[in-house]
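The values are calculated or read from the model by the stated rules, or taken from the named source; none is laboratory data. This one's a predicted model, so the numbers in the text were calculated from it and none came from an experiment. With ideal geometry, Cβ positions are generated from the backbone for all residues, glycine too; neighbour counts draw on all protein chains shown.
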């Protein structure tokens, strides 16, 4: 491992790498399971008894596909974080180039932005979108059921 501009200790980096690798393994399993559901259900329920059943089936498949897409995006972000760790750029905000606090990284180890930069980005998006506050597709915001989200309500910086 090369120089790390984040100021994180070797022990902290090791702990965060362990979390990232565990999350990557977990996501791979979840993705495989969701893909299996989609392929099995795709073949099983084509001949649904009536229009309502077919509509419900299609709606459920769309929801499953959305969840799968989110998991794949998060898997990508986790891998990118591991790559940044190997390159020595892990733990540095991509907007401000300031170190990201260990508490924030511990809660969401794949995050790319400091808390301040994340809040500023959300504020700009909210202003552009007319106040909806949606942050669709940005790292740390698409795995809502994950306790380690990276949004503005996450942990404060160290």
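Selection of first residues in the range 56-68 that are farther than 10 Å from residue 37 by Cβ and of second residues that are surrounded by 15 or more Cβ atoms within 10 Å (Cβ to Cβ), restricted to Cβ pairs under 6 Å at least 6 apart or on distinct chains, gives the following pairs, ordered by first then second residue: 57/45.
The residues of the range 73-101 that are in contact (Cβ under 8 Å) with a residue 60 or more places away in the chain, over 15 Å from the mean Cα position of the chain (by Cα) and either buried (at least 21 other Cβ atoms within 10 Å of the Cβ) or closer than 29 Å to residue 31 by Cα (or both), listed by number, are 85, 86, 87, 88, 89, 90, 91, 92, 100. Can you tell me which residue within the range 39-71, out of those that are modelled with pLDDT of 90 or more and surrounded by 15 or more Cβ atoms within 10 Å (Cβ to Cβ), is nearest to residue 19 (Cα to Cα)? For the range 39-71, the residue satisfying everything is 71. On the given criteria, is residue 8 at pLDDT below 95 and either closer than 21 Å to residue 118 by Cβ or surrounded by 14 or more Cβ atoms within 10 Å (Cβ to Cβ) (or both)? Judged against the criteria, residue 8 is a match.
Is there a residue being part of a loop (DSSP other than H, G, I, E, B) and closer than 30 Å to residue 8 by Cα anywhere in the range 36-56? No.
A quick yes/no check of all residues on (1) farther than 23 Å from residue 6 by Cβ; (2) part of a helix (DSSP H, G or I); (3) in contact with a strand residue (DSSP E or B) (Cβ under 8 Å, 6 or more places away or on another chain); (4) modelled with pLDDT of 95 or more:
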| residue | (1), (2), (3), (4) |
| --- | --- |
| 83 | no, yes, no, yes |
| 89 | no, no, no, no |
| 112 | no, no, no, yes |
| 133 | yes, no, no, no |
| 141 | no, no, no, no |
| 145 | yes, no, no, no |
| 150 | no, no, no, no |
| 153 | no, no, no, no |
